[in-house]
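The values are calculated or read from the model by the stated rules, or taken from the named source; none is laboratory data. All figures in this text were calculated on a predicted structure; none of them were measured in a lab. Because the Cβ atoms are built from the backbone with ideal geometry, glycine has one as well, and the counts that use them run over all protein chains shown.
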Amino acid sequence: MSIRPIVTQDHPILRMVAEPIAQIDDAVMVLLNDMAETMYAAEGVGLAAVQVNELYRIIVYDVGEGLVELINPVLLDYRGEQYGPEGCLSIPGLHADIRRYEWVRVQGQDRFGQTIEVEGEELLARCLQHEIDHLNGILFIDYIEEENFSVESLAE
Ligand code: NI
């Protein structure tokens, strides 16, 4: 396993639509391992493959309940609304309040190719929406409402 560099806001890959994974081969396994290591090293809650310059539909996250890996994740269902602070490892130093669904259900595959579903609210729901957005070239800053725009220092 190795820590990979995280691309930042101006990198064009962050605006591209990621490709589905057709076959979970050794390279995908290595990528999954590296994504987890990179996310933990950066003290992030989630990471999408595009953030380590790999244009594939893979996300990893850990909202405090252990590592989850999702290949080809799809938003199946959602409800409600939450409004709160969000940040991104690719946009260091910026946090802003944005709207998200309060609850979501997502389907994807694990590293063994098994179809899995995850559902959750609050932080988990926010994380899932944020990471899936990355696979479609969307950044959380796209949702910032102008009147609420604020730039904070790196102090956390
Ligand atoms: Ni992000």
Note to self: Checking the conditions here, which among Gly44, Gly80 is free of Cβ contacts under 8 Å to residues at least 60 places away in the same chain, in contact with a Phe, Trp or Tyr (Cβ under 7 Å, 6 or more places away or on another chain) and among the small types (Gly, Ala, Ser)?
What the structure shows: Gly80
Checklist line | Long-range neighbours under 6 Å by Cβ, at least six apart or interchain, first residue of a type in the set (Asp, Glu) within region 109-136, second within 16 Å of the ligand (Cβ to nearest atom) | finding: Glu131/Gly46; Glu131/Ala48; Glu131/Ile59
Margin query: Tally up the residues in region 68-94 that are within 18 Å of Val104 (Cα to Cα) and of a type in the set (A, V, I, L, M), please.
Written below: 6
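Pull up region 92-113, narrow it to residues that are among the hydrophobic types (A, V, I, L, M, F, W, C) and under 18 Å from Met35 (Cβ atoms), then point me to the one that is surrounded by the most Cβ atoms within 10 Å (Cβ to Cβ). Full working, then the answer.
In the first step, residues of region 92-113 are kept if they are among the hydrophobic types (A, V, I, L, M, F, W, C); the result is 94, 96, 98, 103-104, 106, 112.
Right, trim to under 18 Å from Met35 (Cβ atoms) and you get 106, 112.
Details: Val106: 24, Phe112: 8.
Only one residue fits best here, namely Val106.
Within the group Ala36, Ala22, which residue is assigned to a helix (DSSP H, G or I) and out of contact with any Pro (no Cβ under 6 Å at 6 or more places or on another chain)? Talk me through it step by step, then tell me what you get.
On the way: Ala22 fails: assigned to a helix (DSSP H, G or I).
Going through Ala36, Ala22 in turn, the sole match is Ala36.
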Note to self: Can you report the number of residues in region 79-91 which are within 14 Å of the ligand (Cβ to nearest atom) and not in a strand (DSSP E or B)?
What the structure shows: 5
Notebook entry, point to check: Considering region 30-69 alone, what residues qualify as being away from the ligand (no atom under 15 Å from the Cβ) and polar (S, T, N, Q)?
Noted result: Asn33
Check: Here are Leu70, Leu47, Leu94, Leu76: which of them is over 15 Å from Leu135 (Cα atoms), touching a strand residue (DSSP E or B) at 6+ places or on another chain (Cβ under 7 Å) and not in a helix (DSSP H, G or I)?
Finding: Leu76
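I'd like the full set of residues that are of a type in the set (D, E, K, R) and either modelled with pLDDT under 95 or within 15 Å of the ligand (Cβ to nearest atom) (or both), limited to region 5-29. If you could, list the steps in order and put the result at the bottom.
Taking region 5-29 as the starting set, the residues that turn out to be of a type in the set (D, E, K, R) are 10, 15, 19, 25-26.
Within region 5-29, Asp10, Arg15 meet the criteria.
Could you look through region 109-143, keep only residues that are of a type in the set (Phe, Trp, Tyr) and within 15 Å of the ligand (Cβ to nearest atom), and pick out the one that is farthest from Val60 (Cα to Cα)? Don't jump to the end; show me each part of the working.
In the first step, residues of region 109-143 are kept if they are of a type in the set (Phe, Trp, Tyr); the result is 112, 140, 143.
Checking the rest, the ones that are also within 15 Å of the ligand (Cβ to nearest atom) come to 140, 143.
Working: Phe140: 17, Tyr143: 22 Å.
Within region 109-143, the match that is farthest from Val60 (Cα to Cα) is Tyr143.
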